[in-house]
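Have a look at the structure below before the remarks.
The values are calculated or read from the model by the stated rules, or taken from the named source; none is laboratory data. If you're wondering where the values come from, they're calculated on a predicted model, not measured in any experiment. Positions of Cβ are backbone-derived with ideal geometry, glycine not excepted, and every protein chain shown enters the neighbour counts. Side chains are part of the model used for accessible areas, which takes the heavy atoms of the whole protein and leaves out ligands, DNA and RNA. Shrake-Rupley method; radii C 1.70, N 1.55, O 1.52, S 1.80 Å.
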Amino acid sequence: MNIKLEVGKRLKESRRIAGYTQKEVAEKKTHFRYAIGLNISSILLEISRINKANEERNVLAECMNFSKEYILQNIHQNINLREVAASIGYSYDYFRHQFQKYFGVAPKEFILKEKITRIKIALANTNTSIAELANEFSFNTPSHLTRTFKEIEGCSPIEYRNKARSETYE
């Protein structure tokens, strides 16, 4: 459930209980003190539930940020997403779903885009060969890198390098 919606419902319920309690006190109904005690307990329960929802959201944020940082720090390696998921205590499917929800992109796509971004920087600024870049970023072969690069960027790495360098010198 959406955390904001859940918190909103809990706050609304707490306000309803507080209003009921004020009415009990104002009318001094029989055993109104017991009703006040029960209502305070109900409000405390709602507050506790709000805190629990916030804690769960914070834990998820920490896990997602940890996994993203791990990916970025190990971008040159073959990253096993099942191991990343297990390291934060999530199943692979739950991790994949939460990563997509949290960052707006699937983890595999995030890794590929990050690799391609770094390869583009290397292409524009170094003379590193396609074969070396493929090896450095854990692509199976230079042709695998070239094919993937072309799918994402719409041109080959060599075409990108030539274009990036010609724009630099103009």
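Taking the stretch 126-137 as the region of interest, how many residues are part of a loop (DSSP other than H, G, I, E, B) and surrounded by fewer than 16 Cβ atoms within 10 Å (Cβ to Cβ)? Adding up the residues that qualify gives 4. Scanning the stretch 58-69 for residues being open to solvent by 90 Å² or more (accessible area, probe 1.4 Å) and in contact (Cβ under 8 Å) with a residue 12 or more places away in the chain gives a total of 1. Within the stretch 138-148, the set of residues being open to solvent by less than 50 Å² (accessible area, probe 1.4 Å) and in a helix (DSSP H, G or I) comprises LEU145, THR146, THR148. Condition first: without any contact (Cβ under 8 Å) to a residue 12 or more places away in the chain and either touching a His at 6+ places or on another chain (Cβ under 6 Å) or acidic (Asp, Glu) (or both). Can you find one or more residues in the stretch 84-96 that meet it? Yes; the residues of the stretch 84-96 include at least one that is without any contact (Cβ under 8 Å) to a residue 12 or more places away in the chain and either touching a His at 6+ places or on another chain (Cβ under 6 Å) or acidic (Asp, Glu) (or both). How many residues does the stretch 78-99 hold that are in a helix (DSSP H, G or I), within 26 Å of GLU136 (Cα to Cα) and open to solvent by 40 Å² or more (accessible area, probe 1.4 Å)? Looking only at that region, the number is 5. Can you say whether ILE119 is in a helix (DSSP H, G or I), within 19 Å of the chain's Cα centre (by Cα) and surrounded by 14 or more Cβ atoms within 10 Å (Cβ to Cβ), as far as the supplied structure shows? So ILE119 fails the test. The residue list PHE137, PHE99 contains one member that is more than 30 Å from ARG165 (Cβ to Cβ) and in contact (Cβ under 8 Å) with a residue 24 or more places away in the chain, which is PHE99.
Yes/no per residue for (1) at pLDDT below 95; (2) hydrophobic (A, V, I, L, M, F, W, C):
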position: LYS101; (1), (2): yes, no
position: VAL105; (1), (2): no, yes
position: ILE111; (1), (2): no, yes
position: ALA131; (1), (2): no, yes
position: SER138; (1), (2): yes, no
position: LEU145; (1), (2): no, yes
position: LYS150; (1), (2): no, no
